[in-house]
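Inspection log for the structure reproduced underneath, given as structure tokens.
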């Protein structure tokens, strides 16, 4: 992205929301030479993909995986130094294991030979099911991955003549994992887009990526350090309450900042009206801050002269008032921006901009969303407990996939089980759910001892339901200088980490284009 700093007097951009979309936008804007401030209401960065501390153990509020097709996310992680010196991911060719009933593994062969070999060697699939899968991918290629009418995934698979075995063993679990929406209601076109960029692309694109660290450390925290190293600010514990136009700019108003245990050094917490904003303004506002500092010094000099003249009390009061005025001016200037990226969840977006006539079309879009939850169940066992593979699928519910955090993140004995599109579990008793998942795990590990503790985390509004023909708002809004970012913004992708990052980069590009044209 072109560096705009030489052409402008360092325009200032506010990014509201420190999730994957917001931090992707912030990195791109900082690299373009713009003065970026990220406002995140929570004490941790990451949004709906962030770390959670429980019993001194680092968990994630949702268990996520990636695929090799996540090119934008992988590139940003590499650019910002995600996970430090160690690899950010455990990467391997596609390895799909569901209990003892199905195992499909792709060799390191070029496409499409890798997929042909994976299906030919798959255990648990009949010859007819293997042929069904090949026919589906081949048919999609012929039609350039376009599906007429965008039916549900279930209707499309039936129309394509797919048998029960391949649907239940491959297509349905893959759809729920990728779209977080059941096949009976999921968009066939969006699912086809995922297949296009994974199974239908290069061999590397279908690789399986399992995080080697928590989701905040994977990208948002390194991204914050990257932004700060380029003069930007990342403010956690800052809930934006209003964004109002102010003389060709946008003024961002925050509620009271709050700190929380576990906030790391890359996520600073500031109160916007604190006097130390004067020092920060030097870095952000440059010459303006220096000029104002000179004004304070002159005020002190005047106060000193008047003190000599016999007016010490009045002079001192004036100097204090002038210092306070300068600090307030800095605080006001610090919250005034040339452009704004709204990288918040759809419901927060509606709350924040409900009175904006220019965003009524956006509000109509997001008001039509329904949502799907994701439930993660963590069970801590003795350190000796381990799975035979770092990721395994269950043949029956309630849990769908289990991850061995000992093998992945070094947290030995900790198993994480995920239930995507978990509406059926809404209101479930946590003790009963953990017990049911423990019983599932005993089928994989018959000698499994009782769990030492468990934690159930449900992200109730984890993703929008990716249904057929769903209208999603574009990046640009009707408000000048205001742009949207988030996995819900219009794109080919469902609500994934890759979709969020792509939207953040598109928003950053739109901001630079807008500022260039001012």
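We did not get these values from a lab; they are worked out from the coordinates using the rules stated. In this text, all values refer to a predicted model and were calculated from it rather than measured experimentally. Please note: Cβ atoms are built from the backbone with ideal geometry, for glycine as well, and neighbour counts cover all protein chains shown.
Computing FRET efficiency as 1/(1 + (r/R0)^6) for residue 109 and residue 229, where r is the C-beta to C-beta distance and R0 is 41 Å, gives about 0.50. A crude spin-label estimate for the pair residue 361 and residue 126, with each label 7 Å from Cα along the Cβ direction, gives 5.1 nm.
The convex hull drawn around the Cα atoms of the stretch 94-203, when projected onto a plane and averaged over every direction, covers 6.2 nm². The stretch between residue 184 and residue 460 holds 97.4 nm of extra length on full extension. This uses 0.36 nm per residue minus the Cα-Cα distance. Take the Cα pairs of the stretch 475-518, get the Kirkwood Rh, then feed it into Stokes-Einstein at 37 °C and 0.692 mPa s and tell me D in µm²/s. Calculated translational D: 309 µm²/s. As a proxy for reagent exposure, ranking 95, 487 by other Cβ atoms within 10 Å from fewest up yields 95, 487. Based on every Cα atom in the stretch 107-159, Rg and the maximum pairwise Cα distance Dmax equal 12.8, 36 Å. On the beta carbon distance between residue 412 and residue 247, with R0 = 51 Å, the FRET formula returns roughly 0.30. Based on the Kirkwood approach, the hydrodynamic radius assigned to the stretch 32-155 is 19.0 Å, with every pair of different Cα atoms included.
Placing a label point 7 Å from the Cα of residue 138 along the Cα-to-Cβ direction, the residues of the stretch 156-199 whose backbone N falls under 17 Å of that point are 160-163. The eigenvalues of the Cα gyration tensor, multiplied by 5 and square-rooted, give the stretch 410-483 an equivalent ellipsoid with semi-axes of 39, 15, 12 Å from largest to smallest.
Each of 460, 72 has some number of other Cβ atoms within 10 Å of its Cβ, and from fewest to most they run 460, 72.
Among 218, 352, sorting on how many other beta-carbon atoms sit within 10 Å of each Cβ, with the fewest leading, yields 352, 218.
Estimated from the Cβ-Cβ distance and a Förster radius of 35 angstrom, the FRET efficiency linking residue 354 and residue 78 is about 0.35.
Given C-alpha coordinates of the stretch 371-464, what is the ratio Rg to Rh with the Kirkwood estimate of Rh?
Result for the stretch 371-464 is an Rg/Rh of 0.95.
How much of the DSSP bridge set in the stretch 1-114 is antiparallel, in percent, rounded to the nearest 5? Within the stretch 1-114, antiparallel bridges account for around 55 percent of the total.
Projecting label points 7 angstrom from Cα along Cα→Cβ for residue 432 and residue 86 puts them 3.9 nm apart.
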